[in-house]
Amino acid sequence: VSNGANITDGLDGLAAGVSAIIGAAIGVFVYVSGNYKFADYLNIMYIPNLAELSVFIGAFVGACIGFLWYNAYPAQVFMGDTGSLALGGIIASLAIIVRKELLIPIFCGVFLIELLSVMIQVSYFKYTKRKYGEGRRVFLMSPLHHHYQKLGYHEATIATRFWIVSLFLAILTIVTLKLR
């Protein structure tokens with residue numbers, strides 16, 4: 001998750017926006033897992049004293065949105081590796097604390113797709129270099145958001161569409177509460 005957030009931090013506002021959406025989704029899980037009545041109704045594990053974590057999640061989401069104010073296109077402030085690796089680490093830690101680590105591939109789907117696009121690109125390039133003597137590419141450029149840039153999409157359009165995908169994945173993750 002941490003490396004996925006780092007790779008996603010290639011466009012203005014992309015990593016911060018996606019992380020804010022994921023943080024809000026984890027906030028829902030924290031709320032229902034920390035409330036005995038909701039946990040009993042949804043048949044999920046009740047984790048006592050989890051309400052304190054909601055303060056941290058609120059600060060995390062607020063910090064992401066506040067950073068997004070200055071990092072949206074055209075960016076005035078940049079996050080860098082230290083910030084993006086920390087975002088991924090915070091998200092992974094929160095998922096483990098709330099005992100929803102198996103849902104990470106769903107609500108961090110944007111991070112996962114970005115990671116997979118790099119892995120596919122590098123693997124295919126190395127394979128074709130050995131087989132044909134010259135490396136070939138699957139994407140115009142990896143990670144995936146740079147592929148869309150090469151196709152001619154504007155940075156703000158790519159970031160907004162990735163936010164929408166992340167929002168749908170967060171909703172899908174929250175829906176899994178009642179599917180159990």
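The values are calculated or read from the model by the stated rules, or taken from the named source; none is laboratory data. Note that the structure is a prediction, hence the values are computed from the model and not measured. Don't worry about glycine lacking a Cβ; one is built from the backbone with ideal geometry, like all the others, and counts go over all protein chains shown. All accessible areas refer to the heavy atoms of the entire protein, side chains included, with ligands and DNA or RNA removed. Shrake-Rupley method; radii C 1.70, N 1.55, O 1.52, S 1.80 Å.
Numbers below:
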quantity: Cα-Cα P(r), the chain, percent of pairs per 5 Å interval; calculated: 1, 9, 15, 19, 17, 13, 10, 7, 4, 2, 1, 0, 0
quantity: Probe 1.4 Å, protein heavy atoms only - accessible area per residue of the chain in square angstrom; calculated: 55
quantity: Surrounding net charge for Arg161, when Lys and Arg each add one and Asp and Glu each subtract one, Cβ distance under 15 Å; calculated: -3
quantity: Set of lysines near Lys100 by C-alpha distance (under 19 Å), chain-local residues within fewer than 8 positions excluded; calculated: Lys37, Lys178
quantity: Efficiency of FRET between Phe125 and Tyr46 - r from beta-carbon atoms, R0 41 angstrom, step 0.05; calculated: 0.25
quantity: Nearby aspartates and glutamates by direct alpha-carbon distance to Lys131 (threshold 19 angstrom, same-chain neighbours under 8 apart not counted); calculated: none
quantity: Accessible surface of the chain [probe 1.4 Å, protein heavy atoms]: carbon and sulfur percent; calculated: 66
